[in-house]
Structures are given as structure tokens and as C-alpha cells.
């Protein structure tokens, strides 16, 4: 570790790789509402935050666990379709509170596809957010609807039924979801969110 009179250690969160303070300062200077998206292996949270001098204030929040509790989502809460639905739910709640626009605060950019799916959900709900078209990959819409899950399930069921039963066991036994019809499950939950939110 460096030592000496000119050495200065960076802030703890920067040193740990959690916060990019230069990026955060630019976001705060804009004085717009920040749409904060954070993703872990099993959870996704989307919050609309107002920055104030005394501290940040969360105006709207949506969490992927709410999908199972309130809207009947029985699949994994940490996958790409769940990320989109969480972002869409947060966007609808923002529109209901008359919050029309914001900017994305993605932090240190981990779990790229799930974060982008949540971003797409917020945009599709009608919240105005500046972005470039190149920001989203081409096949993201298919992955949001769960087409990649369907295709993988069909392939496994045809080629290796034992592995199919093993990989999709939580869907088939506990939750009774047919992974081959995942797109239909997704669209049903999307309609439920639109009516209830």
C-alpha cells in the first residue's frame, strides 16, 4: 500500500467499488429525479429518489418480491422478465403520483441485462427518461418476454428430458408453471399489473 505525505486514500465506497462519486455528482447537479435500479441474484429494486441537502428522499419504490405477493408472479424474482415487470410497476406508480420524468442512476453497472430490462420497463410505462437507442441490445425484447427460457425448455425437453425435469423442477413441481409457455405467464402478469397499479 502506498505511503507518504502526498498519498490520499479514496473514499471507502469508491475503494470497495460501490460508488462512482464523479458520476453521482453529475447526477445530483442535474437536479432531476433519479431512477435508482439495483439488482442482486434474487431481488430487483427500482426507486425514484429526490436528492436533497439533508439526504435523499424515496418518492416511489417497487421490489421484485411484490410481484409474488400482490400480482401472482410464481417464477424467479431475479430474472430478466421479473426485472422488466418491477421497472414497469415503478413507472406506473410514478405516473400515478404525477412524476413524469427522471434520469437513470445505475450505479456501478453489474447484472447488465437485468438492469437494462428494468430500465425498459420504466420507459414503457410512460416515464420520460433520456437514453440512446444503442443503450439496449437488439434481443432484449425477446428476453424480457421470456422467449429464451421457452426455447431452452423446448430444447431440453426434446434432447434430455431428465435434465429438463432437473433444471425446471421448481417451476414444474412447486409452482406448476409450464416453462414452454413462459411468454403467456409474463403477459398475464403484465395485464394484472396494469389493472391493479
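Of the residues making up region 19-56, those that are over 22 Å from residue 110 (Cα atoms), in contact with a strand residue (DSSP E or B) (Cβ under 8 Å, 6 or more places away or on another chain) and surrounded by fewer than 17 Cβ atoms within 10 Å (Cβ to Cβ) are 30, 32, 50, 56. Scanning region 180-191 for residues that are in contact with a helix residue (DSSP H, G or I) (Cβ under 9 Å, 6 or more places away or on another chain) and within 18 Å of residue 83 (Cβ to Cβ) gives 182, 183, 185, 186, 187, 189, 190.
Residue 15 meets each of the listed conditions (1) without any contact (Cβ under 8 Å) to a residue 24 or more places away in the chain; (2) under 15 Å from the mean Cα position of the chain (by Cα); (3) more than 22 Å from residue 125 (Cα to Cα) apart from (2). For region 41-86, the set of residues classified as assigned to a loop (DSSP other than H, G, I, E, B), under 19 Å from residue 103 (Cβ atoms) and in contact with a helix residue (DSSP H, G or I) (Cβ under 9 Å, 6 or more places away or on another chain) consists of 51 only. Yes or no: region 149-157 includes at least one residue that is within 13 Å of the chain's Cα centre (by Cα), modelled with pLDDT under 95 and either surrounded by 14 or more Cβ atoms within 10 Å (Cβ to Cβ) or farther than 27 Å from residue 177 by Cβ (or both). No.
Here residue 59 meets the list (1) touching a residue at least 40 places away in the same chain (Cβ under 8 Å); (2) closer than 14 Å to residue 36 by Cα; (3) buried (at least 24 other Cβ atoms within 10 Å of the Cβ) almost entirely, failing just condition (3).
The values are calculated or read from the model by the stated rules, or taken from the named source; none is laboratory data. This one's a predicted model, so the numbers in the text were calculated from it and none came from an experiment. Here Cβ is always computed from backbone atoms with ideal geometry, including for glycine, and neighbour counts include all displayed protein chains.
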